[in-house]
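As structure tokens, the structure follows; a few thoughts come after it.
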Amino acid sequence: KAGVTQTPRYLIKTRGQQVTLSCSPISGHRSVSWYQQTPGQGLQFLFEYFSETQRNKGNFPGRFSGRQFSNSRSEMNVSTLELGDSALYLCASSFSALTSGSRRETQYFGPGTRLLVL
Amino acid sequence: SQQGEEDPQALSIQEGENATMNCSYKTSINNLQWYRQNSGRGLVHLILIRSNEREKHSGRLRVTLDTSKKSSSLLITASRAADTASYFCATVNTGANSKLTFGKGITLSVRP
């Protein structure tokens, strides 16, 4: 099976702009989660989508939003970019939702999108 | 906010030696997972241990979980230079608002 793919891999934006990142999960996986990784804050959970519904959201401002399509592909949008949004954005897919107890919760991560805000 | 706290923050060993990394967490968990990340790339899932399990093995990896102490350890036996990477523990909390919460990570350097 093909792995999780993320596009674009690298992105440079300026403050105030908005950006949309895309994630294609492993075929058959219905859960997609997004994470932000920075040297200062480490890996932080943004949100999880399962069957087109947002199941949980991390502690990020409303400028960060996401959605999931019927084919399980997901997009993440950041509006009004700030310098502090520069980070590696990782998405991960799994067959089942977190804590579903199905034993198929293992998350598989994509290579990430490195966003630089100038 | 970080749930898992790894210890030590950095570890340097000789090829062939064993590497032990520890993780402590704060809240009730559904499961605990260990990941590896090579130089700013995506994370690779290593092993998942559930809250009702005490030990799991996968190849050269051995993970233990002590829910009474809210701690876990990852042992890599017979380390190789290719094991050089950052290692993260992550927990999935119990309850409706489940999410995967990562620690800050341990940087492992294996000298050839």
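Just so you know, all these numbers are worked out from the coordinates, no wet-lab data involved. Source: prediction; values computed, not measured. Cβ coordinates were reconstructed from backbone atoms using ideal geometry, including for glycine residues, and neighbour counts include every protein chain displayed.
Tell me, rounded to the nearest percent, the portion of alpha carbon pairs in chain B spaced more than 20 Å apart. Please list the in-between numbers first.
On the way: 2177 of 6216 pairs.
So the portion of pairs separated by more than 20 Å is 35 percent.
Please list, in order along region A:3-18, the HN-Hα scalar couplings obtained from phi with the Karplus expression 6.51 cos²θ - 1.76 cosθ + 1.60 (θ = phi - 60°), rounded to whole Hz, x for Gly and Pro.
x, 6, 10, 10, 9, x, 7, 9, 8, 10, 10, 10, 3, x, 6, 10
Can you give the mean number of other chain Cβ atoms that lie within 10 Å of the Cβ atoms in peptide A:38-51?
Numbers: counts 0, 1, 1, 3, 9, 12, 5, 7, 1, 1, 4, 0, 0, 0.
Across the residues of A:38-51, the mean count of other-chain Cβ atoms within 10 Å is 3.
In whole Hz, with x marking every Gly and Pro, tabulate ³J(HN,Hα) for region B:46-57 from phi via Karplus 6.51 cos²θ - 1.76 cosθ + 1.60, θ = phi - 60°.
Once θ is set to phi - 60°, the couplings for region B:46-57 become 9, 6, 10, 10, 7, 5, 9, 10, 10, 7, 9, 10 Hz.
Among the aspartates and glutamates, select those whose C-alpha is under 15 Å from the C-alpha of B:K104, and discard any that sit fewer than 8 residues away in the same chain.
Output for B:K104: B:E5, B:E6, B:D7.
Gap in Å between the Cα centre of region A:25-73 and the Cα centre of region B:27-72?
21
Considering Cα pairs under 8 angstrom that are at least six residues apart, work out the relative contact order of chain A and quote it in whole percent.
Taking the mean separation of contacting Cα pairs over the length of chain A, I get 35 percent.
Across the residues of B:48-55, average count of Cβ atoms on other protein chains within 10 Å? Mind dumping the intermediate values first?
Values: counts 4, 0, 3, 0, 0, 0, 0, 0.
The shielding value for this peptide is 1.
From other protein chains only, count the Cβ atoms within 10 Å of every residue's Cβ in B:98-108, then give the mean.
For peptide B:98-108, the averaged partner shielding equals 5.
Does region B:4-62 come out rounded, prolate or oblate, given a ≥ b ≥ c as the square roots of the eigenvalues of its C-alpha gyration tensor, rounded meaning a/c under 1.5 and, failing that, prolate meaning a/b above b/c?
Here region B:4-62 falls in the prolate category.
Counting Lys +1, Arg +1, Asp -1, Glu -1, what net charge surrounds B:K104 among other residues with beta carbon under 9 Å of its beta carbon?
Net of charged neighbours comes to -2.
Going through region B:62-112, which trypsin sites (Lys or Arg not before Pro) have at most 13 other Cβ atoms within 10 Å and a DSSP loop state?
Details: sites: B:R62, B:K69, B:K70, B:R80, B:K99, B:K104; in loops: B:K69, B:K70, B:R80, B:K99, B:K104.
Passing sites in region B:62-112 are B:K69, B:R80.
Write down the Kirkwood hydrodynamic radius of the protein assembly as shown, to one decimal in angstroms, obtained as one divided by the mean of 1/r over all alpha carbon pairs.
18.0
Per q in 0.16, 0.22 Å⁻¹, report the Debye log10 I(q)/I(0) for chain A, using one uniform scatterer on each alpha carbon and no solvent.
Per q value, in the given order, log10 I(q)/I(0) is -0.68, -1.25.
Please report the projected area of region A:17-67's Cα convex hull averaged over all directions, in nm².
Working: hull surface 17.1 nm².
Average projection, Cα convex hull of region A:17-67: 4.3 nm².
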